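The values are calculated or read from the model by the stated rules, or taken from the named source; none is laboratory data. Since the model is a prediction, treat every value here as computed from it, not as a measurement. Counting neighbours? That spans all protein chains shown, and the Cβs are built from the backbone with ideal geometry, glycine included.
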Amino acid sequence: MSSLLILNGPNLNMLGVRQPEIYGATRLQDIKTLCIARAKELGISCAFEQTNIEGELVTMIQDARGVHDAIILNAGAYTHTSIALMDAILASEVPTIELHLSNIHARESFRQTSYVATAAIGQICGFGAKGYLLAIDAAAGLSEIP
């Protein structure tokens, strides 16, 4: 693996401020710094983006085709509502890992449905900011899976 795209959806720019009892006190900029460092340790180029706009996420996923070897996607609330993201992942044919800071399966029933999971190769949730590092390690190991 040589290139990884980490995408963050709506409200993740508010990390550290928004409901820290659920999402933790770590800011997105701090997570970005950790991710870039972990990717560098593994010899992987890493792009890290955030947007509150669903269509921008769709475009970034589509544009990853032929550019990035894997995507890590924390789609936030779009996880539970966006067929467009699911379709973009499938169309891009880029292996995508779904990521959540909280354990969506232990939360409200509407958060337990994930359209992203339908297209993702795996899901990491409930580990807070450390989940990003787990996802990077998982992505780095994709080439080892037969």
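Worth a mention:
- R38 modelled with pLDDT of 95 or more, basic (K, R) and either within 14 Å of the chain's Cα centre (by Cα) or on the phi < 0 side of the Ramachandran plot (or both): yes
- Criterion: in contact with a Gly (Cβ under 6 Å, 6 or more places away or on another chain), in contact (Cβ under 8 Å) with a residue 12 or more places away in the chain and surrounded by 15 or more Cβ atoms within 10 Å (Cβ to Cβ) - qualifying residue of G76, G131: G76
- Residue pairs whose Cβ atoms lie under 8 Å apart, separated by 6 or more positions or on different chains, with the first residue in region 5-22 and of a type in the set (K, R) and the second modelled with pLDDT of 90 or more, are R18/N11.
- Region 35-56, residues that are over 18 Å from S3 (Cβ atoms) and surrounded by 14 or more Cβ atoms within 10 Å (Cβ to Cβ): Q50, T51, N52, E54, E56
- Here region 100-122 is the region considered, the condition is being modelled with pLDDT under 75 and of a type in the set (A, V, I, L, M, F, W, C), and the residue that is farthest from I22 (Cα to Cα) is F110.
- Residue satisfying all of: in region 55-70; without any contact (Cβ under 8 Å) to a residue 60 or more places away in the chain and more than 14 Å from the chain's Cα centre (by Cα); nearest to I83 (Cα to Cα) among these: G55
For every residue, the table says whether it meets (1) out of contact with any strand residue (DSSP E or B) (no Cβ under 8 Å at 6 or more places or on another chain); (2) closer than 18 Å to A139 by Cα.
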| residue | (1), (2) |
| --- | --- |
| G43 | yes, yes |
| R65 | yes, yes |
| H68 | no, yes |
| I83 | yes, no |
